[in-house]
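The values are calculated or read from the model by the stated rules, or taken from the named source; none is laboratory data. Please read all numbers here as calculations on a predicted model, not as lab measurements. Cβ: placed from backbone, ideal geometry, glycine included. Neighbour counts: every protein chain shown. In case anyone asks, the SASA skips ligands and DNA or RNA and just uses the protein heavy atoms, side chains included. Shrake-Rupley method; radii C 1.70, N 1.55, O 1.52, S 1.80 Å.
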Amino acid sequence: MAAGTREFPSVAGVLAQLFTPQRLALLTAIAAAAAAVTGVWLWTRTPDYRVLYANLPDREGGAVVAALQQMNVPYQLSDGAILVPGSMVHDARLRLAGQGLPKGGGTGFELLENPRLGTSQFLEQVNYQRALEGELARSIQTLSAVRSARVHLALARPTAFLREQPKSSASVVLALAPGRTLEPAQVNAIVNLVANSVPELPAQRVTVLDQGGNLLSARAGAESPQGLDAGQLAYVREIEAGYVKRIETILAPIVGSANIRAQVTADLDFSRVERAEELYKPNHDPANVAMRSQSSSESQAPGGAQAGGVPGALSNQPPAPASAPIVNPAAGAAAKGAPPATASVAAGAGAASATHSRKDSTINYEVDRTVRHVSQPVGTLKRLSAAVVVNYRKEAAAEKEGGKGEAKAGAKPLPEEEMKQITALVREAIGFTEARGDTLNVVNRPFNVPEVEPVPETPLWKDPQVIEMAKSAGRNLLFAAVAFLLFVRVIRPMFRRLAEPPPAPALPDESGDARNPGPRTYEANLQLARQVAQQEPQRVASVVKSWVGGNE
């Protein structure tokens, strides 16, 4: 080894030269340093736990914990709260919500399982109402779209002092799962569930709200100012939205979906009309009328004097003087101037030569009859009004400014011929009918679109990802700093102090008194070696072993 250089001793060599107490102290220091470094490392690696859910019922908490175990999400329990790593809170909530957890608590009929002595009737009624509300809330929460529910019942008490008994009512507040909605059929199902679970509770007195304060159930008989109920209004909006979609669909390939604005107003007739008619028309032409039946009869008899007159005294009187009858002037003229007896005989002869005939005819025709039963459909379209606005067409025009050609975007109105084509397309798309009174107005105007203000960029020191990365890097740097300080300030100085040779003990002189080291003689060195061999036999043995090994 060159003079002036110093070789750092090995750990094995240092441990071999140490006494037993020194060796134990060194090992204890090394173990303490290792424990400190390990603790700091574990602290830097421990995630920051945050509250996932708090104050859950035991049943709900058990279901959440079981789901976390299946998802391999670490968790901790602290004072009735479930904690998970902060970076996994939102992900765990979304995954649990997909499984319908937590469903929400609420007490049911278990309130009535342990009755107490001395309970008043009023308190029993309150407990029953609470139990019924809790059971209804649990039943409603079984729906997949409902995250939690609360039911409030206003139960009416029957009384003999009122002629009209009061009616009960109920209110249901729903907290829907994120991104979920309830169909009208589902809302009606909830209303009927509550109404059929409470005696004397009509469905019209059940109100259902969501967490946003929106009324999901409309009371029966409640109508809009136009006289339409909620279902009819929804149908009108659906019809109008369908027409708007037709217009946008047919014009989007021509002018672009962002350049169209359309509104449609539909006037629907929701009156229910049923009409029964039975019409009879007069017979104009018998030849065109169906004959049902026809019958005729005819009879003839020869003429002659027949007995006639009214029997009695008047018929036995002598005949009056003969005269010419008024109904037969010719016969009267022929008999003029003749004796009365001759005229009477002529009249009798004319009557005897006449014949008697009779003819009857009966025809029955079919009656012209029309029977109609008309039932008009509900929601018939009476009139349609549509308004369409088409934006100007944007074009890039080259304008020279200062001798330099620069492209500048501009907007120009559509040609008149193209607007006529667009109007015709819209008319066909909505089924325009002029006889029905439909109106259509298509206008070409530039859109006044407000300029979108640029969203200010989030500063780097406020970015959540950057903050999380800084925290992680700070923990790692802290761990490295602690490990470096332990090595520089504790471990390396300890090894250096232990590697230094111990000071030579004071040697006694010939008189037996110790004196400072100085030039020693052979006898003094021999005596010192003997003392060292007696006090530290292990050290001497290691030195001798190193000598023997070196000589080999």
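Computed quantities for the displayed model
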read-out: Hits in segment 176-206 - residues which are touching a residue at least 60 places away in the same chain (Cβ under 8 Å) and closer than 29 Å to Gln99 by Cα; value: Ala177, Pro178, Ser197
read-out: Long-range neighbours under 7 Å by Cβ, at least six apart or interchain, first residue farther than 13 Å from Asp48 by Cβ within segment 461-475, second in a helix (DSSP H, G or I); value: Val466/Leu460
read-out: Those residues of segment 250-268 which are open to solvent by less than 40 Å² (accessible area, probe 1.4 Å) and either on the phi > 0 side of the Ramachandran plot or in a strand (DSSP E or B) (or both), in sequence order; value: Gly256, Ile260, Ala262, Val264, Ala266, Leu268
read-out: Test: Ala170 is open to solvent by less than 60 Å² (accessible area, probe 1.4 Å) and at pLDDT 85 or above; value: yes
read-out: Gln538 being of a type outside the set (Gly, Ala, Ser), at pLDDT 70 or above and open to solvent by 100 Å² or more (accessible area, probe 1.4 Å); value: yes
read-out: Of all residues making up segment 355-376, the number that are at pLDDT below 75 and either farther than 18 Å from Lys281 by Cα or open to solvent by less than 80 Å² (accessible area, probe 1.4 Å) (or both); value: 4
read-out: Within segment 134-164, tally of residues that are open to solvent by less than 90 Å² (accessible area, probe 1.4 Å) and either without any contact (Cβ under 8 Å) to a residue 24 or more places away in the chain or within 20 Å of Phe122 (Cβ to Cβ) (or both); value: 7
read-out: Search result, residues across segment 451-494 that are open to solvent by less than 100 Å² (accessible area, probe 1.4 Å) and outside any helix (DSSP H, G or I); value: Thr458, Pro459, Asp463
read-out: Selection status of Pro446, modelled with pLDDT under 80 and either open to solvent by 80 Å² or more (accessible area, probe 1.4 Å) or farther than 15 Å from Leu251 by Cα (or both); value: no
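The rows are residues; the columns are (1) modelled with pLDDT under 75; (2) open to solvent by less than 60 Å² (accessible area, probe 1.4 Å); (3) not aliphatic (A, V, I, L, M).
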residue: Ile82; (1), (2), (3): no, yes, no
residue: Gly86; (1), (2), (3): no, yes, yes
residue: Gly98; (1), (2), (3): yes, no, yes
residue: Leu101; (1), (2), (3): no, yes, no
residue: Gly108; (1), (2), (3): yes, yes, yes
residue: Leu111; (1), (2), (3): yes, yes, no
residue: Gln121; (1), (2), (3): no, no, yes
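Quick grid of which residues meet (1) touching a Lys or Arg at 6+ places or on another chain (Cβ under 9 Å); (2) open to solvent by 80 Å² or more (accessible area, probe 1.4 Å); (3) modelled with pLDDT of 75 or more:
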{"site": "Phe270", "(1), (2), (3)": "no, no, yes"}
{"site": "Glu277", "(1), (2), (3)": "yes, no, yes"}
{"site": "Tyr280", "(1), (2), (3)": "yes, yes, no"}
{"site": "His284", "(1), (2), (3)": "no, yes, no"}
{"site": "Ala287", "(1), (2), (3)": "no, yes, no"}
{"site": "Gln294", "(1), (2), (3)": "no, yes, yes"}
{"site": "Pro302", "(1), (2), (3)": "no, yes, no"}
{"site": "Gly309", "(1), (2), (3)": "no, no, no"}
{"site": "Gly312", "(1), (2), (3)": "no, no, no"}
